[in-house]
Amino acid sequence: MDTNPKASVLSENKKFKARFIHNHGQKPSFIQITPPMISSVLFHAYPLLIIIDNALANIMWLSDDKCLPFIYLTSVWLIISSFIPTETNVSRILPFSKLLSLWLGFISGIFLLLSFMYYVISLLTSLRNAEPPTLDEIVVLLESVLGKLEVLRDELNVWKKLKTSFNGVNKKCSNKRLFLRLFLVGTVFQIIIIRYISVGAYARFFIISALVYHSTSFQATLRLLWRFTLVRNFYHMGIKNFKISNWLSNGLTMDQIIILTQDSSIIVPLVEFLPLLLQNKKDEDHIQILQLLNEQKEGFEDHGLKILEIEVHENQRKWHRNKHWSTLLLPYERQNFSIEIKNADGSSTMRSCLSTHDLGEEELPNDWHWINNDWDGTDWVYSDSYWRETGRYDSLESFTRSRRWRRRLFHL
Amino acid sequence: MSESSTSRRNTSRDAVKSYFAGKYNKVLDSILEAEAAISRSPNVAEDLLESSASGNSEMSQASLAASSATNQGISKKELLQQIAGSLLSTSIERLKTTQSPDASSMLEYSEDAPYEEQECGDCDGPFKCPVHLGQAAAYYDDDIDAEPALEATTSNTERDPFIDVFLDKLISRLVPEKLPEREHFSSNATIEHDLDTGRVPVFSATVLGSNFKKLSKKMGSIFELQDSIVRLLTWRNPTGTVTSLIIFTLICFNPMYLVILPIFRFIYGIVVPGYIRRHPLQRSIYPLKRNHGSSLLYDVCYEGKNEYTYGQQFFSKSFMDTLESRNQEKDEISELDKRPENTQELKHGMKVLINLRDMQDMTSGTLHVIDTINNFLRKASSFQNEGHSTKRFFAGFLLIAVLKILSPFVNWSYTFSISAWCLLIYMHPKAHPKIIKFFQKGKVEKEYKNLKRKENQTYNMIFDEKPEIKYIEIFEIYKKGLLPNDWKFFKLSSSIFDPLDSYRRAQQFPPGVDSLQDVIPPPGWIFDPNFEWKIDADVERWVTERGLNLPTTDDFLLDPMFKRRRLIHRVIKSSKQVT
C-alpha cells in the first residue's frame, strides 16, 4: 500500500505506479441469469426503489442544492411548532402569534405533502414516458439503496456505539459503564431534562438533530468534536478526579499486586526446583536462600515452593501523527504501567501500577523473594487508538504501543 | 511549452504590438511636443494646475505666448486629455497582455532609470536634452519597424517600463510634488502646514496601473457575490431565495443570528469541507445515471420549463467528490494537471477581462446611481416647482411625525420578515404580472378619483409669500463741456468714476451703457413694473456712505471734470431658479 505521498513523488520517475482496486466495475449482464419472475418483481418495484433512494438521499443531505432539504427541515420545524408551542407559559403568547404559528404549521404540512405527492406523480409520468429501465439499472439502484442503508446503519448503530468502550482497560464494555450510558440516553434522565426544558423545545431538538444527523457536516462535526480529550473523557466518564481510587494512590504497589494475583501462582516441589533456583544466583543470594531454608527447619522436603510470575504492561500513546511517543495516556484507558488483574467472573481488568523500576526497588512482603535479578522485557507491540493490535512495526495507523515486563517471585 | 503555442503567442503579440505602436506614435509625439512647450515656459505647469482645478479654459497671457511660440496651438485642455489618454491606454495595455513584464525586467529598468539621470545632470529630466529625445525616438522607431532580428518579447518587456517611467516623469513634473490629502479639500485648513511633515503620497501611473491590475484579479469574488445576490432576488435560484428569506426571518426575530450565521458559514462552508477533503468519511454511495421526477418548488418557480431535475440536482460535482470512486480518478487528474498551462493561462486572462468589464459596469452603474440621487435631491430641495417641493416637505414631515408616534407599537420582527417575504413574492417573475393585474383592476375608477383629488389638491396649498425686494443703483455721469455750465451726458455706469476711481486713473472708460433701456437687473431679479427710475435726491447720504469728499449741487456730485447723480430702481426677486 502506497500511502506516503512523498515517497511516491520521489520514485515516480523510475518506478511503476500500481492502481487502486475498483469495487464497482462493470458487472455481467443479469438478463441471462435472472429468473423472469424476479425481473418482473424488480421492474414493478422500480418506482418505489427510486422514491426510497431519493428519500435516503434527502436524509443524508446528498443533494448539491442544500437549500431544498433546509426548506423541508424548516417546514418540519414549523409543523412541530404548531403542535407544541415553545413557551410553557401559555398566557404570555399573543393570540396573533399563536394563529400565525398554527397557520404556518398548516401551510408547511400542506407544502410537504404536496411536494411529496408532486414528486411521486412527476416521477411516475416521467417513468411512463421514458424507456423502461434495464435490469442492470435496477440492480445498480438496488445497490445504491443498500449502500445508503448500510451507511445509515453504521452511523446509527447506537447499541454498538454504546458498547464501543473498549479502551484497553477491559476486554468488554463493563456493565457499569453500559448502564451509565443507557441511563444518560434512557428515560429517567430524559424525564428530568423535560422538567427543565419545554416539551416543544425537547421534541424540536431531537427531531431536528435526527434529520441532520446523517449529513456529512454533522458527521464531520462529531468526528471533530471527538478529537477533544474533554469530550472523550465525558463519553467514557473517565475523568480522573471522579475516581476515589485515583486519589488514594498512583498505582498498585507490590503488596497489592501479590495479594491480587496470588491465585495464579503455581506450587512446585521444592526439592526439584531448588537446584534450578540456586543455579542462577550469585554467592550472596545463594547463602541467603540457604539461610532462609534453614530457618524453616521442619521437614522442608515436603514443602512446596510457591512461584508467581508478574507481567507488567508498559503502555505509550502517540498524541499527534508525526510526533514522538508519550508516556501520557488518556485517563480512562490503561495507564503507563499497568497490570492485568483477573476478576471473579473470569474477565480481566487492566489496573495501573507503579513503574517496573519502582516495583523492583520496593521491599517485598513476608517470605517473597525475586527469582530473576531483573525484569525481562519483550519488544513493542503497536496498536491503534483503541488498543487493537496492528503489528510489530510502527505505522501511520498505530497510535498506541505496549510491551511486557516479566519477573518471577517465589514464596517459601 | 510546445513550439506551436509559442509561435501562436508570438503572432498574437506582434499584432497587439503593432496596434499599440500605432496608437502610441501619436500620443508620444504629442507628449514630446507638449514637453518641449512646457520646458520653454517656466510657469506653464502652475497654469495647467490652475486651469485643471477651476475648469476654466481661458488661457493666461503667459501660456498663450508660449503656445503661440511653438506654433502647435496645443491648449492645456488638449494636453491634459492626451496625458490622461496615454495613461489609460498604458494601463489597459498592461492588463491586456497578461504576461506582464516579470519582476526581474522591472527591476533592471528601475536600476537603469537613476543611472540615466546621473548621466545627464545638466538637463532637468532624462528627456529634456536633445540627446535623450533622440534616444527616445530611436527607442520608439525600433518598435514601429519591428525588425525581425529584434525579439518580440524583449521589445515588449522593455517598452512597458519605458512608457511607465516616461509617464511618471512627465506627470511628476506637471503635478506638484506633494499632493495635499483629501481631507484638506473639505476643510479649509492651510495645506502648507501638513506638507512640511513630508509623509505625503505621490501620484504614480505605474502604481496606479499595477494596483488596478491586482484589483481586477481580486474583484472576482465580489462580483460573484453580487451576481449571486442578483440571482437570489430574481428567483433564478428559488430554493436559495426561500432559504435566504427564512434566514432573514430568523435574523429579524433574533439579531444574534447576525453573528451566529457568519460563524456557522465559516465552520460549515470552509472548515468542515476542508476536514472532509483531508479525512473523507468512509461512505460508499453509488451514483445513478438516470433520475426521474422533479421537485414541486422548482417546477413552481420555473414556469413549466423545468431547468432543474433531480438528476441535475443530485450527483453533481460536489456530490461526486464524496464518492468512493473518486479515488480511481485521482491518477488521471494528476496527469491532467501536468499539462502545459495553456488553458489555465487563457482562462486566467479571460477572467481578468471579465472582471475588468464588470468593474467598468460597476463604475458606470455607480455613476448612474449617484447622478440619480443628485437629481432627486436637487429637484426636491430647489423649490423650482414650488408645489412639488412643498408637497415633498409636507409628506416628509408627516411621515416623521407618524413614524415616531407609531414606532413603539410596531413589532419589528414581524414587520421586517413579512415585508421581506411580500417583497420577494412580488418580485417573483411568475407572480409579478398577476399581482400587478390584480391591483390594476379598478384602474379606470381610480384614475377618475385621482383627477378629482388633484383638482382639490390645487386648492390645498397657497403660495403667497411676500417676494424679496431690493433697490438697485446706477450712476448717470455727465462730462464737463467747454462752457462752465455745459454738461454733456457721458455714460450710465455702476461705478462712480470719481478722481480716485481705478478706471479713471487708468484713463479708460468706465463699464456702462448709454441708454436706460439697456440697464438690466441682476440675474434672478426683475424690475418692479410699478416703479420707475428715480433720481436719488438725498445726495449727501450716499456720498458720505462712500466717504467721498467732493462738493454737491442739487442731485449731483461734482468734481472738476465729471458730475454724476444716482438713479435707483426697485427690483423683485423672481421665483425662477438661477442656473
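The values are calculated or read from the model by the stated rules, or taken from the named source; none is laboratory data. Not measured: the values here are computed from a predicted model. Note that each Cβ is placed from the backbone with ideal geometry, even for glycine, and that neighbours are counted across all protein chains shown. What goes into the accessible areas is simple: the full protein's heavy atoms, side chains included, and nothing from ligands, DNA or RNA. Shrake-Rupley method; radii C 1.70, N 1.55, O 1.52, S 1.80 Å.
A few points about this structure:
- Matching residues, segment B:455-468, being surrounded by 10 or more Cβ atoms within 10 Å (Cβ to Cβ) and over 40 Å from the mean Cα position of the chain (by Cα): B:GLN457, B:ASN460
- When we screen B:ILE520, B:ILE568 for residues that are among the β-branched types (Val, Ile, Thr) and open to solvent by 70 Å² or more (accessible area, probe 1.4 Å), the only hit is B:ILE520.
- Selection of helices (runs of 4 or more DSSP H) fully inside segment B:208-275 by the criterion of at least 3 residues being within 10 Å of chain A (Cβ to nearest Cβ) and not acidic (Asp, Glu) returns B:238-253.
- Flag if A:LEU56 is closer than 16 Å to A:GLU143 by Cβ and crowded, with 21+ Cβ neighbours inside 10 Å: no
- Residue tally, condition at pLDDT below 85, open to solvent by 40 Å² or more (accessible area, probe 1.4 Å) and outside any loop (DSSP other than H, G, I, E, B), over segment A:323-381: 7
Rundown of residues vs (1) out of contact with any Cys (no Cβ under 6 Å at 6 or more places or on another chain); (2) of a type in the set (Val, Ile, Thr); (3) at pLDDT 80 or above; (4) not assigned by TED's automatic domain parsing to the domain that holds A:GLU362, yes/no style:
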{"site": "A:ALA210", "(1), (2), (3), (4)": "yes, no, yes, yes"}
{"site": "A:HIS214", "(1), (2), (3), (4)": "yes, no, yes, yes"}
{"site": "A:GLN219", "(1), (2), (3), (4)": "yes, no, yes, yes"}
{"site": "A:LEU222", "(1), (2), (3), (4)": "yes, no, yes, yes"}
{"site": "A:GLY251", "(1), (2), (3), (4)": "no, no, no, no"}
{"site": "A:GLN262", "(1), (2), (3), (4)": "yes, no, no, no"}
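- From the options A:ILE33, A:ILE93, residue that is open to solvent by less than 40 Å² (accessible area, probe 1.4 Å) and either more than 12 Å from chain B (Cβ to nearest Cβ) or modelled with pLDDT under 85 (or both): A:ILE93
- Residues of segment B:523-539 satisfying the condition of being open to solvent by 100 Å² or more (accessible area, probe 1.4 Å) and of a type in the set (D, E, K, R): B:GLU532, B:LYS534
- Tally of residues being without any contact (Cβ under 8 Å) to a residue 24 or more places away in the chain, at the interface with another protein chain (Cβ under 7 Å from one of its Cβ atoms) and part of a helix (DSSP H, G or I) across segment A:45-81: 4
- Residue selected from segment A:138-147 under the condition more than 13 Å from A:ASN54 (Cα to Cα) and more than 7 Å from every other protein chain (Cβ to nearest Cβ), by the criterion least open to solvent (accessible area, probe 1.4 Å): A:ILE138
- Complete set of residues in segment B:202-247 that are open to solvent by 80 Å² or more (accessible area, probe 1.4 Å) and under 30 Å from B:ILE418 (Cα atoms): B:ILE222, B:GLU224, B:LEU225, B:GLN226, B:ASP227, B:ILE229, B:ARG231, B:ARG236
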